[in-house]
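Please treat every number below as a calculation from the coordinates, not as lab data. Keep in mind the model is a prediction, meaning the values are calculated, not measured. Virtual Cβ from ideal backbone geometry, glycine too; neighbours counted across all protein chains shown.
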Amino acid sequence: MQEKYDVIVVGMGPSSIFCAYELIKLKKFKKVLLIDQGKRVEDRCCPIEKTKKCIHCKPMCNITNGFSGAGAFSDGKLSLYNPNDDDIHVGGNLHKYIGVPKTKELIDYTDKIYLEFGADKKLEGTEYQEEIAKISKRAEKDGVKLINIPIRHLGTEKSHEVYGRLEKYIEDNGIEMMFETSVTDLITENGEIKGVKTIPSKYMDENVGSGLVSAHEQSIYSDKVVLAVGRKGANWLVDMCNKHKIKTDTGIVDIGVRYELPDEVMKDVNKYMYEAKFTGRVGPFRDKVRTFCQNPSGFVSAEVYDNNLTLVNGHSYKERKSTNTNLALLVSHHFTHPFDKPIGYGRNVAQNLNDLGAGNIVVQRLGDIYRGKRTWDYELEKNSVVPTLKSAVAGDITFALGYRTMVALLEFIRAIDKVIEGFGHPDNLLYAPEIKFYSNKVIINEQFETNIKGLYSIGDGGGMTRGLMMASCSGIQMARNL
Ligand SMILES: Cc1cc2nc3c(=O)[nH]c(=O)nc-3n(C[C@H](O)[C@H](O)[C@H](O)COP(=O)(O)OP(=O)(O)OC[C@H]3O[C@@H](n4cnc5c(N)ncnc54)[C@H](O)[C@@H]3O)c2cc1C
């Protein structure tokens, strides 16, 4: 007999986990299946600590795949909201589907679940309102906006524990979880979803959607399939949209660098807010530039995507500390007619940077960019800011980042330097490529359903959210919609 489920969720990142949590609470469905190409959270580990360089784990990168998705090795900063603000500025577009008041309610609800499963009770960014207001005022003068919202910081090791408890809860409550299994295709019939095709990840040539048809393929059926594939699955999702005529809008791609500088420079901001979210449209092109994922006393990390594409990221532990702060500086790239391949564009930029670094992340000193030269290893050895990503290769990122991107980044650094003295110091480090891929935005209705009946899209992958809290909230709302 063919196996049939009430609901199948593809991916087990935060969006999927919280969808499962809420489905348990609602008790509407008996047979729910979650599928992920990666491992259980307790089996996920990144060997870079021992190997000192990324060994491109087979068949999948452990940083981005498996239970809790990209959340497992994330810094675990849960961005809440400012109760005095009547808009949501961080985490994507969920509020555009369900409205701001409902999104705030969902954040409160989801935050309580994180607390229930062991998140730190302390909220960053609530104490020093006067000092924050002063920084905000200084920033405004230079055309930069400071978004002031409270943050709950789990820390990388605590994120593992919190998600570990959620994994157990979901399993104990009868939801089936299929690990190390890649969904290769969707089964559709007359505009309706009927199920998914899977193969064990070990038979995948690292690349979901690579077209590898194998004897190991299995069909699993359901009239309700939720796609929660994250940025890791964005490329696969594009393939699925093309193949099954799932309607999309041209998405954006955020391209930039991971910026590393001394804690000493960032000490006020780190103390008052933990993470300062600056955004502005500086420079001639007026592209939106923003800071993202700030990690005080943190570590820069590398993560591997499809086709061995290596991207830079960052995180920080609760206990283990460096003396540097790292944060992403991202420029939003909106393309216009006739170009409609933002993911392809981002991949090309990333590929060029990977080639320049012989497969590694490239790092360059800010001062060298101003001087119009590459950075050499011996210069990095003597540099006052010591890189925390040991596998990064000294080089020249300006060979691969476009003029428009570079100008926006340098103008933004200059503007923030006026707010935080030392932000534009020549010894500060730029690592590239830092790229946030979102699938071409999947068009969904207010129930999160695509134009294929019974097929839904949530989380970062389809372009709805960007970040742990909002991805988690989208899962809760998905369960309620179902
Ligand atoms: C190093 C790092 C640090 C970060 N720090 C923060 C932070 O501090 N705060 C914050 O808000 N956000 C942070 N983020 C981003 C955050 O992790 C994501 O926004 C969030 O995890 C998105 O959740 P999601 O459920 O949409 O997708 P994901 O968490 O990406 O999960 C998607 C899952 O789908 C699986 N999958 C994909 N395709 C398939 C397929 N075809 N078949 C089977 N399985 C598939 C993947 O294996 C993955 O496990 C960080 C990310 C990284 C990588």
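Per-structure values
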{"read-out": "Surrounding net charge for N270, when Lys and Arg each add one and Asp and Glu each subtract one, Cβ distance under 11 Å", "value": "-3"}
{"read-out": "Sites matching GluC sites (Glu not before Pro) across the range 163-270 that sit in DSSP coil, with at most 15 neighbouring C-beta atoms within 10 Å", "value": "E217"}
{"read-out": "Entries of K77/K318; K197/K243; K141/K321; K50/K321 with Cα pairs more than 22 Å apart", "value": "K141/K321"}
{"read-out": "DSSP-loop trypsin sites (Lys or Arg not before Pro) across the range 271-377, with at most 12 other Cβ within 10 angstrom", "value": "R286, R320"}
{"read-out": "0 to 90° range, to nearest 10: angle between helix 129-141 axis and the chain longest Cα axis", "value": "70 degrees"}
{"read-out": "Footprinting exposure proxy for T51, T110 (fewest neighbouring C-beta atoms within 10 Å first)", "value": "T51, T110"}
{"read-out": "Degrees, to the nearest 10: 342-356 long Cα axis against longest axis of the chain", "value": "50 degrees"}
